[in-house]
Amino acid sequence: MASQNRILVLGPTGAIGRHVVWASIKAGNPTYALIRKTPGDINKPSLVAAANPESKEELLQSFKAAGVILLEGDVNDHEALVKAIKQVDTVICTFG
């Protein structure tokens, strides 16, 4: 049996990213998600709120419960990005 690829999803809480994370989990891949540390009290208007009614915190909790490994960082932070990429086999970028 072939080993599964470790998948890193950039933009995992967005409209597309959340579906990519779930598809990776369903395929049985060890799945990592690079998430930004943002204060919980910032509520930006979202165009995808109707299609994805859960909050970011709720989504991240469901990711954790499903076994997703959450890595804190930002794509604009070179060191954090390189550190995250070195842990996986495949990177999928889902942000605009």
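The values are calculated or read from the model by the stated rules, or taken from the named source; none is laboratory data. Everything quoted here is computed from the prediction, not taken from an experiment. Cβ coordinates were reconstructed from backbone atoms using ideal geometry, including for glycine residues, and neighbour counts include every protein chain displayed.
Filtering the range 20-67 to residues that are under 16 Å from residue 96 (Cβ atoms) and modelled with pLDDT of 95 or more leaves 20, 34.
Which residues, taken from the range 1-19, are among the hydroxyl-bearing types (Ser, Thr, Tyr) and either at pLDDT 95 or above or within 10 Å of the chain's Cα centre (by Cα) (or both)? Don't jump to the end; show me each part of the working.
The first filter runs over the range 1-19 and keeps only residues among the hydroxyl-bearing types (Ser, Thr, Tyr), leaving 3, 13.
Answer for the range 1-19, where residues must be among the hydroxyl-bearing types (Ser, Thr, Tyr) and either at pLDDT 95 or above or within 10 Å of the chain's Cα centre (by Cα) (or both): just 13.
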